[in-house]
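The values are calculated or read from the model by the stated rules, or taken from the named source; none is laboratory data. These figures come from a predicted structure and were not determined experimentally. Glycine also receives a Cβ, built like all others from the backbone with ideal geometry; neighbour counts cover every protein chain displayed. With ligands, DNA and RNA removed, areas are computed over all heavy atoms of the protein, side chains included. Shrake-Rupley method; radii C 1.70, N 1.55, O 1.52, S 1.80 Å.
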Amino acid sequence: MISISANTALVGSYNYGEVARSVLIAVAASYAGLDLAGRVTAARGPVRLAWLSGGAFAMGIGIWAMQFKGMLAFGLPVPVAYHLPTVLASLVVAIFASAVALYIVSRQKMGPVEVLTGSVSMGGGIAGMHYLGIAAMRLPAVTRFSPLLVTISFLLAILFSFIALLIAFGLREETRWTGPRRLGSAIVMGVGFSAAHYTGMAAASFLPASPPSLSHAVSISPLGSYGVVIVTVIVLMAAIVTSSVDRRARAEIQRLNQDLERRVAERTLQLETVNQSLRKEIAERERAEDAVRRSEDQLRLVIDTIPQQIMSGPNDGTVDFANAQWRSYTGLSQEELQGKGWQRIVHPDDREPLLKAVEESRAQGKPYEQEVRRRGADGQYRWFLARGVPLKDSEGRIVRWYGSNTDIQDRKETENRIRLVIDTAPAMLHSARPDGYLDFFNRRWLEYLGVSLDDLLGWRWTGVIHPDDLAQLVDKWQTSLATGRPFEAEARLRRADGEYRLTLHRKVPLRDEAGNVVKWYGSVIDIEDRKRAEDELKRQKEVFQKIFENIPAMIAFFGPDGDIELVNPEWERTIGWTLQEIRERNLDIFAELYPDPQYRQIARDYAVSSTGGRTEFKVRVRDGRVIDMAANVVQLSDGSRLGIGRDITQRKRTEAALREAQENLARVTRVATLGELAAAIAHEVNQPLAAVVTNGSASLRWLSGQPPNLEEARQAIERTVREANRASDVIGRIRALLQKGPPQMDRLDVNAVIGEVLTLAGNELQRDGVVVQTDLAPDLPKVLGDRIQLQQVLLNLILNAIEAMSTITDRPRELLVRSSKDPDGVLIQVHDSGAGVDPGQAGHIFEPFFTTKPQGIGMGLSVGRSIVEAHGGRLWFTRGSSHGVVFQFTVPKAD
Amino acid sequence: MAEQPPIVFVLDDDASIRDALRSLIRSVGLRVELFASPREFLEAKRPDAPSCLVLDVRLPGESGLDLQRELAEADIQIPIIFITGHGDIPMSVRAMKAGAVEFLTKPFRDQDLLDGIQVALERDRVRRKHQAETAMLRERLESLTPREREVLPLVVSGLLNKQVAAEIGTTEATVKVHRSQLMKKMGADSLPELVRMAEKIGIPGSNR
């Protein structure tokens, strides 16, 4: 029974030497533990387990010893004995805790889970060991624990276990610094665990109580305590030493291992090298064998690929081999073709000739060649050129035959096509042998001539040639045969319808490489139409030539560059030079014809670039005259030009005269208004008259002055005289106005004058619808007169006639102009179909200023009469036979 | 004032006519000046003397009638005697209506021309005198005071002094004074004379 006698705790005290020793032990145990961790890690298999057990044992003792020492360091005033089983139990716990720790840190990996469980179990173990130790105490006291300190001591134990595990895991490797580091760590751990222990110790408080049961309890004597220490130290030392021995051994083993590995590697490398060279050799050998195989294959391929069907066999006409081409064409297999089997595929018709040829060749030992048809696998026959050559041995004996078959189907087809072409061509084609024998005529021949081939072959063709042409044809043919030169001849050929047609025969030779003629090829074409066309052309040329030489117009051919290439005789006559002269003298004809450079340039441009048309221009001919030309220029298809021209000088003159006459008419009309005339006269005359009168009056006044001024009077009279003369001049001028200069007398052809006047009045006649008739005597004598004046008179009469008929609407307006011989010269009559002259006015007609026309001058007839009378003729009128008036005047003839 | 001797202008493009006319006109003792074109005539300085113009109708460029019109528009009132080579009635009528003194056709009788010249000169003399008078009267009019100028037309229209005074808002006496003053200034001795003067210078109311 335990009774509590007091409630004050027993006060213990620490023996600091013992404490220090316990701490040292703790450190040593820690060091050992770290060291052993490395060993366990390095060990493999059962050895590992041994190390683990041994290690745990050593470390466990160490820890327990520390704990025990620590407890022994604590002296209580009461005697303390220790329950031995419990003590041993605590030792077991310590060993267990160490084992756990060592196990955990020696594994490959130490994760959080392992660390935590490890720290807890280890820490728990250590703390547990401690409290077991306390529980082993047998003393007259009751142990009370401070929950707080207990907890702290547990926490510390766990904490330092945690630290210890981490450090131990980290220091497993054997490096240079491992030793010192282990030592440092061991110190930390040792101190830590001691702290945990003393904290635990502090947690316990002993309250005096009745003496405990001392069964199984022992008290520890100092010797015992030292003994524990020594044993512990020994154990730890042993552990450490063995550890280091093991380490060294391991290191040595490692080194040996490495060495061994190096040797092994070297050996392996050597073996590798040998292996490689062996392999190369093998590969080469294989390649060589491959090459041999390939060339064998190629050869077979060649034999089978040659686009020839090849067969061969012994010298008995049989065949024992055919290449792939042969076999694939015929469809026969190697077995089927053996012996004479190959003959099966030759066309029945060609078989005999072939075999004969082969037999001959065999007999002569020469190659054979034959065109045969052979049946292909598809059943179709094609043309082949079958050839065979013998293989002879050194003594000339035939050992084997080699044959080839070349497909000539296409060639045969081409040949047929060519034949078709030759027969279809629209020409008569033929060929001949070098001796002149004509051996081929195409179909055209036969159709054209209506004969058969037999009729022509050889020399029989001569039968279709016209007899008259045959000789020269044959002659020429013989010559060509002899000389080898191309043959050409014309001859008439009898056509199928019997008509002889002119044909052109041509043949050319075909020579071989040596230059010998091997064949003649020729054609014949029908040229009858061409000949006819040529003849026609010749005729046309002749016609043209005649025209060219005789036409009364100038023709000139200009080349594209404007130079004169050809002129006709009329051109040469007009211009004055012949083309030959121009060329001989190297005349610049353009310069001669066109003296003006600008004009010349225009002419030249026209010759070069004109595209056609009519033009008029002036040309200077050889004798220096300038003539007017009208020409048409035509461009020819080859770029040259053709000019056709005429000398129109005369016509131009006539036109000029016409223009002048028209101008005169205009002038006469202008001047001839009475009003204007009167005004002109009045003004012109009145001026000097007024001056005369005024000067006269003035002089009278001067004379009647007082005294008379004789000087002034004299001057005035002088002026009078002058002015009077001026007046006379004016009159003269007026007359001149009405009359164009003095009469110019010429020998005139009256009919020509009449013609000119009718042209002048042409407009008026046409406008008034007057029908003009002329009755001009052919052989009138020439008259002497002023052309202009006579024209004036006649024009006036005709205009009067037109005027007289202008009111006539019920009958045609007819004007008749007649010229006839008169005893003195020529009589001209102008007959109109107007109303005629009023008898009452008949007497006044010729008076000046007499007119019946509202706008009339009244000058025409009076002037006309004076002109005619000035010429020595007479002007009068008579009544017309049915209507109108006939004005007549005579003009004396020129003598 | 001393009068300058009269002068006759001759304008004709024909030199012989000009010379003949000069001789003729001088033979009766008149001064004469010759011109060949209207330009010449217009540019010449006309002397201050009675004058007239002997003008040919047919002139190159501007005709005589055109010149007549031009002179009229320029208010050059010189009397014109036309001479012409034609006897164109419409032309002569036009010329006369436009104020020509005479229209003679060549050849004309010397006496006809001289007579025409006399008439023309006389007309010109009268016009000049008339102009001189009018100018003088205008001068005198200028010398009137505004008031007198106001009174004048009223007096001339026959109003009594009393009426005049009423008209202008003054006394009769004042009017009387104005009247006597203006009469003196104008140089009129009597009312009728004053009225004649007023007519001459175109005072409104003077023809009432």
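Miscellaneous remarks
- Reciprocal mean inverse distance between Cα atoms of the range A:1-148 - Kirkwood radius, Å: 16.7
- Site-free segments of chain A were taken between GluC sites (Glu not before Pro) in DSSP loops having at most 10 other Cβ atoms within 10 Å, sites themselves excluded; the longest one is A:514-895.
- With Cα atoms defining each centre, the range A:469-530 and the range A:598-651 are spaced 52 Å apart in the structure.
- Among A:Ala89, A:Trp64, A:Thr41 the positive-end extreme of the charge dipole of the range A:1-122 (Cβ point charges): A:Thr41
- Calculated Rg and Dmax of the protein assembly as shown using C-alpha coordinates, Å: 85.0, 224
- Dividing the mean sequence gap of close Cα pairs (under 8 Å, 6+ apart) by how many residues chain A holds gives a relative contact order of 6 percent.
- Gain in span if fully extended, B:Asp115 to B:Ala135, counting 0.36 nm per residue against the direct Cα distance: 4.2 nm
- Set of lysines with alpha-carbon distance to A:Lys340 below 17 Å, sequence-local pairs under 8 removed: A:Lys356
- Interface between chains B and A: roughly 1700 Å² of accessible area buried, both sides summed (probe 1.4 Å, protein heavy atoms only).
- Computed from phi, the 3J(HN,Hα) profile of the range A:389-394 under the Karplus parametrisation 6.51, -1.76, 1.60 (θ = phi - 60°) reads 10, x, 9, 9, 8, 5 Hz, with x in place of Gly and Pro.
- Proximity of backbone amide H atoms, modeled 1.01 Å from N, is registered between A:Arg495 and A:Tyr500, A:Arg501 at under 5 Å, excluding neighbours fewer than 5 places apart on the same chain.
- In chain B, taking the dipole from charged Cβ atoms about the Cα centre, the farthest positive-side position among B:Ala36, B:Gly85, B:Val126 is held by B:Val126.
- In whole angstrom, the range A:141-282 maps to an equivalent ellipsoid with semi-axes of 58, 20, 13, each derived as √(5λ) from the alpha carbon gyration tensor and ordered largest first.
- Cα gyration tensor, the range A:388-545 - rounded (a/c under 1.5), prolate or oblate: prolate
- Cα-centre dipole for the protein assembly as shown with unit charges at Cβ (Lys and Arg positive, Asp and Glu negative), debye to 20: 6560
- Whole-angstrom gap from the range B:158-206 to the range A:765-834, using each part's C-alpha centre: 93
- Prolate/oblate/rounded call for the range A:62-134, Cα gyration tensor, a/c under 1.5 rounded: prolate
- Within the accessible surface of the range A:520-670, defined with a 1.4 Å probe on protein heavy atoms only, the carbon and sulfur portion equals 53 percent.
- Candidate lysines for bridging to B:Lys185, where Cα separation is under 19 Å - those fewer than 8 sequence places away on the same chain excluded: B:Lys176, B:Lys200
- Average accessible surface area per residue within the range B:59-169, 1.4 Å rolling probe, Å²: 53
- Over all pairs of different C-alpha atoms in chain B, the reciprocal of the mean inverse distance, the Kirkwood hydrodynamic radius, equals 19.9 Å.
- Loop-located chymotrypsin sites (Phe, Trp or Tyr not before Pro) in the range A:104-191 (DSSP state not H, G, I, E or B) with no more than 11 neighbouring Cβ atoms inside 10 Å: A:Trp177.
- Amide hydrogen proximity for A:Met428: with H placed 1.01 Å from N in the peptide plane, the residues at 5 or more positions away or on another chain lying under 5 Å are A:Val524.
- Once the Cα atoms are used to define both axes, helix A:750-760 deviates from the longest principal axis of chain A by about 40 degrees.
- Phi angles across the range A:427-434 convert, under the Karplus curve 6.51 cos²θ - 1.76 cosθ + 1.60 with θ = phi - 60°, into 3J(HN,Hα) values of 8, 8, 9, 8, 9, 9, 7, x Hz, Gly and Pro given as x.
- Degrees, to the nearest 10: A:147-170 long Cα axis against longest axis of chain A: 60
- Amide hydrogen neighbours beyond the local backbone of A:Thr143, cut-off 5 Å, H modeled: A:Leu207
- Among the listed pairs B:Lys45/B:Lys106; B:Lys45/B:Lys97; A:Lys652/A:Lys893; B:Lys97/B:Lys184; A:Lys476/A:Lys546, those beyond 31 Å (Cα-Cα): B:Lys97/B:Lys184; A:Lys476/A:Lys546
- Relative contact order for the range A:126-270: 37 percent, from Cα pairs under 8 Å spaced at least 6 residues apart, divided by residue count.
- Cα principal axis extents for the range A:37-91, largest first, Å: 52, 20, 8
- Equivalent ellipsoid dimensions for the range A:521-620 as semi-axes, Å, which come from the Cα gyration tensor, largest first: 37, 16, 14
- Calculated mean residue ellipticity, 222 nm, chain A: -18500 deg cm²/dmol, from DSSP H runs (n ≥ 4) at -39500 (n - 2.57) each, averaged per residue and rounded to 500.
- Bridging of A:Lys392 to lysines at a Cα separation below 16 Å is possible for A:Lys366, once same-chain residues fewer than 8 apart are set aside.
- The accessible surface of the range A:17-93, taken with every protein chain in place and a 1.4 Å probe, is 79 percent carbon and sulfur.
- Debye log10 I(q)/I(0) at q = 0.13, 0.14, 0.21 Å⁻¹ for the range A:317-435, Cα point scatterers: -0.63, -0.70, -1.19
- For the set B:Ile83, A:Ile220, the ranking by accessible area, highest first and with no ligand, DNA or RNA atoms included, is A:Ile220, B:Ile83 under a 1.4 Å probe.
- DSSP-assigned coil residues among trypsin sites (Lys or Arg not before Pro) in the range A:379-436, each with at most 12 further Cβ atoms within 10 Å: A:Arg397
- Computed on the range A:326-458, with alpha-carbon pairs under 8 angstrom and 6+ residues apart, the relative contact order is 13 percent.
- Karplus 3J(HN,Hα) series, Hz, for the range A:876-886 with 6.51 cos²θ - 1.76 cosθ + 1.60 (x for Gly, Pro): 8, 9, 9, 6, x, 4, 10, 9, x, 10, 10
- Between the helical axis of A:528-550 and the longest alpha-carbon principal axis of chain A there is an angle of about 50 degrees.
- For the range B:1-50, a reduction of at least 20 Å² in accessible area between the chain on its own and the assembled protein chains (probe 1.4 Å) is found at B:Asp14, B:Ser16, B:Ile17, B:Asp19, B:Ala20, B:Ser23, B:Leu24, B:Arg26, B:Ser27.
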